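See below for the structure under consideration.
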Amino acid sequence: MDENSAVQYLEALIGRTLRVHATDTRIFVGIFKCTDAARNIILANTHEYRYPSPSAVRDAATNAEELAAESAVTAQNIKVSMTSRFIGLVVVPGQHITKIELEEPSQQGRVRDTLRS
Amino acid sequence: MLPNNEIRSPTMRVVPQSVAPRDITIDFTTAAAKLRTGQLVKDEYFTLFEAVGALEIMDSKMDSGYLGPGENSAQALEDDYDMMRELAPEEVLGIMDELLCHEMAWHMGHPLSQTLFTSLYLDRLLWPVPETLENTHFGRGQLQSNKEVPDLVHIVLRAYCLALVKSCDFVHARVTTEYYFEEEDFVTQLYNRTLLSQFDPKHFHSLLDRAIRWIDEQTGILGEKVAEAMRARLLFRRDFLSGMEQDLEVIDTRSAAQFLSCLSHLDFLSKSAVLGIRVPEAFSWKIQRRLASTVPPRPMVNISFEDALAHLRRLCQDAVDLLEILDYKGPYNLKVVIWALLSRKPQPSVYIRSLVQSLIVSNRTILGTVPVKQFLYDELEQIVLPSSILLQASADEIEVPSDPRFQIAQHMDVFTKRFSQPFVDTFRSACLNRCRIRRTAEDLDEQLRALSNEPPLKLANGDTTYSYPLSSWAYHHKLSQFRLILQLGFELSIYAPEELPGMYWYLSHICSTHLGHIDRIRTFTVAATKRNLTDLAAKKRDAFERHSVLQRSIRLLERLTTQIIAVDAFAISLHALYVLLARHRILPTTSSAQAYSSDRLRYEIRMKPFLQITLPELVPYDEYHREALLEGDSDDIVIERATKAISEARKAWEATLANGAFILDSDEKESPAPAIEEDWKRDIKDTMRACIGASIAIETVKKALKAQAGSKDCEEPQPPQSVNLRPTVEIIQILLVIGSVLSYNMNAGASYTLLGMTERMCMVLGLHVETSGYPRAVQAARRRVWWAMAFQNSHFSLAYDRPSITMISQPEIPYDPKSMPGHRGYFETLCRIISVILEMLRGLMFTHHSHLRYHEIRDYKHRIERILAEAAPHLRFEDRCTTLAEHIERTELRLHSSYFISLMCRVSLDPDAHLDDQRREIIKEDCLTNLSNTIEAFIELHSINTHASRTWISLQRTIASAFLLVANNNERLHPHTWDLIQKLEAVLSDHVHGDGEADRNNRTDSAKHLASSLRALREVSAAFRAHSQKQKKLSVPQTATTTPSLSPATVFTTPSPAAFGPVPVPHPPTHSASSQDGHIDNILNRVSNVMLFPNMGTGSA
């Protein structure tokens, strides 16, 4: 990938919704606005997502068990939603980024996959 | 208009169901790595400016979600606080009081995230957003079965918390619907939570009632005092909640019971606060990590319980007194109550201010009863249109378009539509914080501006057409707004100390303009009253009613006049006082000596909001400066002014106080708003106290000045005011005329001395340099005066060899804007020549050369010739002159320019000068030609106008030239020269005999000198005639004789450059007359004595 196509690639991402994972496991979901050589990423209208705390998971698990006991069905998986909050415009420094994901309608993703294969 | 703030909707992220994330980490990283350092890939609408506002993730100062090293998420987010724990009653009390502190801190303007939302208890109740009220309990999200929440906590604390949140909800709703300033007054941010607005308030009341009942049931179990304290808090909360709930309904209920009851609890609340035990663990700033917050983390705000109670007490008191604004008694009274209430110090809390805003106007109704249009009409009737047809509602019912009343109705409709809102906003703006009132006043002003162009109204009955009632009214309000802006400037201390004199002056200026305007309005009202008197006498219908309306309006105008006079007089005296302080450098200055700011720039900034307003006109800086500094008034006058004005001010304020705050109907005795009137009275009394303070200050300054003057008198006994040496352009002009007359009167010494003083005065005024900032006309006048001075001055330097100090710098020549080469006027041309002469003198002075070099002479001569060539045609050609003045200008210019050139060339007449023969001949030729040109010009001048040839400088230059010509011309005594000399003789004898020979003894000095020079001239010519006849017979050996006894007056203290010395008879270089007719030298000597250097030494002879 030369510089031109790199810029093109990144420019194509501007305005799309990215999920940026940080080193402390938080995920920032927002509209991609800007980046630079150090991979610092500026996101607008960002929501912060945090994995549920162990206590919340524990509570959910016990709840699920109780429910399971009542309905006599053994639950393997429990579902606990991540806590999220709106934090607006943020910059995630490159060194704290562990993973970047692009959100796209699944339709589009499928088309892309078909094209690739 | 002031907008109402729309309610901000919380942002929720809507995620479409079918979203699939795709990992692009590697692609992204590789692509980003290809970028050069500093290269950005960004949204084209995204600016660096915005980027600065981004919160940096993983930075502890910026990222509210950041967890420090060692903090695990469980501890960091959850706060290991057990909601279900038992609390001692004292602890519950402590938490309640702390919550109240936080509530008040929020009222004061701190965000919820730093105040109430730090409470873990509240957080549990409010998040996640509860669906039912039952859902709001402390056991949420926990396993309900595990533990029961203790009753005390569940019943008492929960009820208190919920009621508190609900009362905050009312406050929030009220503030956000009105005009306020986010972060300045209040922070409305809710961080994506709700304040239980979805639940009906009655549930909260029942919760509180239940809690109170529960406490009552626990007698004996809880401590008596603690129980009482908790009970009082619950009762207070109940009253407070109903008070907040009442909100706008107060218009109908007119009930202050809730807030009065709140007030009754406050003392006990404050006393019982000691019983509480604080539970710091129940509050945590870490909750910010879970709030939807776009700001960096901030610490918790803690205010003391006393401060909180003080704020609460003020809030309740203001809420009680608020009732007094509700009775509508006309716009004037409304304005007074609103201003008095909102000017309380400290300023009423933002809730009260928002509530007042809503009360003033909602749904286009004032105070819930008066339509806006009626309100505006009331105001117009009170001030400009008492009992006018314009305001009669019946006009609205006419539908015939040709009827004047129909047109009036239309006019008034347009007017109402445009101006009711700005007018009401002048009331609403009082509810903002003080800084914003000032700024909004500036905005409102712009809206009123448009009114200044009202066309004269045509009335059906031919009533006062030129009273321009609507413009008058708008102008009245504009002036009020101006005054308000200036006075708020003082209140908010935005003026620097050095600005104070000027701003007080400006205030008084606005006040006096306003007084004049009110007088104008009054004239029309009084005229209407007089017209009505006849109707009254005829006992016409409505006449009596109209009479009382008119009288009421006149009384209001009187009242306004008294108030404005009070402000005006106070401003005048403070202005005078500050001028004195500034003069004696007692006022501190905030700007340093090197500061870029100047009075002019500061004035520009201050007046910026007024720049676009055509009426009242902005005072130009120069006028402002002159007025503001009281230029030309002595200290005594200024202090007199201050003393007079301050006693005037005191009287006027007393009268204002006696008038009372409100306009009352004759049958009313009681004040409609006693509590607020108290505030108003206190304010006026404070102002009177300020007047007394100011008069003491003025007295003190007076004494100090007297003492200073006394001590000065001891040091220098001569009275300081004997000579007024304060220079002005006018005084300089007068001095120049006097100097010119003096020198004409042969009093050259005195003239020279006087000119020295004049010259210094020019420099004091800065005439010798360009001073920017004057209007063009003043600038031109200053330049003219300087150049007129330079003309006289250069004459002294040239003719008497007196040194001059003006040659150092000079202003620009005052060219006419239309002036251009080939069309330079007389004065311009003469100035340009003088400028060359000054340059020449400067060159000689600095190089210490006694005379010019050959090339310098050529150069200067060329320059003068070039300047002459650029002069207007009438200055160059006789046939282009049409008027007498043009002829005089032409000949005068020729006279002076020729004289100047002859002067430069004079060195060629000096046998000791180092010049080679060829060059000497050339220059000598020039010199002699120009000498005779000078005389020719003078003779022509005389032939044009005999008065013109009496000008002293011209006369003197001509005679000097004549003698010089004669003295250097005897070899080739040209018939032309003879001709000239004889004509000159005729001119002089004209002058001498024209004066009349009858009273020889009473002749002026100038006449005496003229006579003696005429005599000398005659002798000289006679001698030469004889000599030339002799010369034909015998040749005389060429012996250069020295001139043994030159006039003592020609001996200067400084060595004089010979070339410009008094050289009418320098060293007669050629065969001067030998012994047998040596009297030529003697004659010349005598002439030089009497004529050319008159009285230089004595000055008064």
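I'd like to check something: does the range B:558-570 contain any residue that is within 23 Å of B:Leu618 (Cβ to Cβ), among the hydroxyl-bearing types (Ser, Thr, Tyr) and touching a residue at least 60 places away in the same chain (Cβ under 8 Å)? Reasoning before the result, please.
Step one: list which residues in the range B:558-570 are within 23 Å of B:Leu618 (Cβ to Cβ), which gives B:564, B:567-568.
With the extra rule that they be among the hydroxyl-bearing types (Ser, Thr, Tyr), the set shrinks to none.
Scanning the range B:558-570 turns up no residue that is within 23 Å of B:Leu618 (Cβ to Cβ), among the hydroxyl-bearing types (Ser, Thr, Tyr) and touching a residue at least 60 places away in the same chain (Cβ under 8 Å).
Specify the residue that is farthest from B:Tyr332 (Cα to Cα); the eligible residues are those in the range B:648-699 that are of a type in the set (Ser, Thr, Tyr) and surrounded by 15 or more Cβ atoms within 10 Å (Cβ to Cβ). First the steps, then the outcome.
First, the residues of the range B:648-699 that are of a type in the set (Ser, Thr, Tyr): B:656, B:666, B:671, B:687, B:695.
From the residues that got through so far, the ones that are surrounded by 15 or more Cβ atoms within 10 Å (Cβ to Cβ) too are B:656, B:671, B:687, B:695.
On the way: B:Thr656: 15, B:Ser671: 14, B:Thr687: 21, B:Ser695: 31 Å.
Looking at residues that are of a type in the set (Ser, Thr, Tyr) and surrounded by 15 or more Cβ atoms within 10 Å (Cβ to Cβ), I get B:Ser695.
Residues A:His21, A:His47: which one is in contact (Cβ under 8 Å) with a residue 24 or more places away in the chain, at the interface with chain B (Cβ under 7 Å from one of its Cβ atoms), under 20 Å from B:Thr294 (Cα atoms) and in a strand (DSSP E or B)? First the steps, then the outcome.
Numbers: A:His21 fails: at the interface with chain B (Cβ under 7 Å from one of its Cβ atoms).
Matching residue, one of A:His21, A:His47: A:His47.
Across the range A:106-117, which residue is farthest from the other protein chains (Cβ to nearest Cβ) among those that are at pLDDT below 65 and surrounded by 10 or more Cβ atoms within 10 Å (Cβ to Cβ)? Give the steps one after another, and end with the answer.
First, pick out the residues of the range A:106-117 that are at pLDDT below 65: A:107-117.
Retained after the next criterion (residues that are surrounded by 10 or more Cβ atoms within 10 Å (Cβ to Cβ)): A:107-113.
On the way: A:Gln107: 7, A:Gln108: 8, A:Gly109: 4, A:Arg110: 8, A:Val111: 11, A:Arg112: 8, A:Asp113: 9 Å.
Taking the candidates together, the pick is A:Val111.
Within the range B:352-384, can you find the residues that are small (Gly, Ala, Ser) and either buried (at least 22 other Cβ atoms within 10 Å of the Cβ) or part of a helix (DSSP H, G or I) (or both)? Before you say what the answer is, go through the steps one by one.
Within the range B:352-384, the first condition is being small (Gly, Ala, Ser), and the residues that meet it are B:354, B:358, B:362, B:368.
Selection gives B:Ser354, B:Ser358.
Identify, please: which residue in the range A:85-105 is more than 7 Å from chain B (Cβ to nearest Cβ) and not in a strand (DSSP E or B) and is, among those, surrounded by the most Cβ atoms within 10 Å (Cβ to Cβ)? Talk me through it step by step, then tell me what you get.
Going through the range A:85-105, the residues more than 7 Å from chain B (Cβ to nearest Cβ) turn out to be A:94-95, A:97-98.
Subset that is not in a strand (DSSP E or B): A:94-95.
Values: A:Gly94: 15, A:Gln95: 10.
Among those that are more than 7 Å from chain B (Cβ to nearest Cβ) and not in a strand (DSSP E or B), it is A:Gly94.
With B:Ile586, B:Ile639 as the choices, which residue is over 20 Å from the mean Cα position of the chain (by Cα) and crowded, with 17+ Cβ neighbours inside 10 Å? Can you show your working first?
Details: B:Ile586 fails: crowded, with 17+ Cβ neighbours inside 10 Å.
Of B:Ile586, B:Ile639, the one residue that is over 20 Å from the mean Cα position of the chain (by Cα) and crowded, with 17+ Cβ neighbours inside 10 Å is B:Ile639.
Restricting to the range B:736-751, and then to whatever is in a helix (DSSP H, G or I) and buried (at least 22 other Cβ atoms within 10 Å of the Cβ), can you tell me which residue is nearest to the chain's Cα centre (by Cα)?
B:Gly739
Output the residues belonging to the range B:615-641 that are outside any helix (DSSP H, G or I) and in contact with a helix residue (DSSP H, G or I) (Cβ under 6 Å, 6 or more places away or on another chain).
First, pick out the residues of the range B:615-641 that are outside any helix (DSSP H, G or I): B:615-620, B:630-634.
Within the range B:615-641, B:Leu615, B:Pro616, B:Leu618, B:Leu630 qualify.
Taking the stated definitions as given, is B:Arg428 modelled with pLDDT under 85 and not assigned by TED's automatic domain parsing to the domain that holds B:Leu574? Give the steps one after another, and end with the answer.
Values: modelled with pLDDT under 85: no; not assigned by TED's automatic domain parsing to the domain that holds B:Leu574: yes.
No, not satisfied.
In the set B:Tyr475, B:Tyr506, which member is modelled with pLDDT under 85, buried (at least 22 other Cβ atoms within 10 Å of the Cβ), outside the structural domain of B:Ser429 (by TED's automatic domain parsing) and in a helix (DSSP H, G or I)?
Details: B:Tyr506 fails: modelled with pLDDT under 85.
Selected residue: B:Tyr475, the only one of B:Tyr475, B:Tyr506 that is modelled with pLDDT under 85, buried (at least 22 other Cβ atoms within 10 Å of the Cβ), outside the structural domain of B:Ser429 (by TED's automatic domain parsing) and in a helix (DSSP H, G or I).
Give me the residue from the range B:285-302 that is away from every other protein chain (no Cβ under 14 Å) and crowded, with 17+ Cβ neighbours inside 10 Å and, out of that set, nearest to B:Ala256 (Cα to Cα).
B:Val301
Can you tell me which condition B:Gly368 does not meet? The list is (1) modelled with pLDDT under 85; (2) over 37 Å from the mean Cα position of the chain (by Cα); (3) among the small types (Gly, Ala, Ser), and all the others hold.
Result: B:Gly368 passes all but (1).
Any residue at all in the range A:52-72 that's at pLDDT 75 or above, facing another protein chain (nearest Cβ under 8 Å) and under 16 Å from the mean Cα position of the chain (by Cα)?
No - not one qualifying residue is present in the range A:52-72.
Whether any residue in the range A:36-44 is buried (at least 18 other Cβ atoms within 10 Å of the Cβ), in contact with a strand residue (DSSP E or B) (Cβ under 9 Å, 6 or more places away or on another chain), more than 19 Å from B:Glu50 (Cα to Cα) and facing another protein chain (nearest Cβ under 7 Å) is what I want to check.
No: zero hits.
The values are calculated or read from the model by the stated rules, or taken from the named source; none is laboratory data. These numbers come from a predicted model, not from an experiment. When we count neighbours, we look across all protein chains shown, and the Cβ atoms used for this are built from the backbone with ideal geometry, even at glycine.
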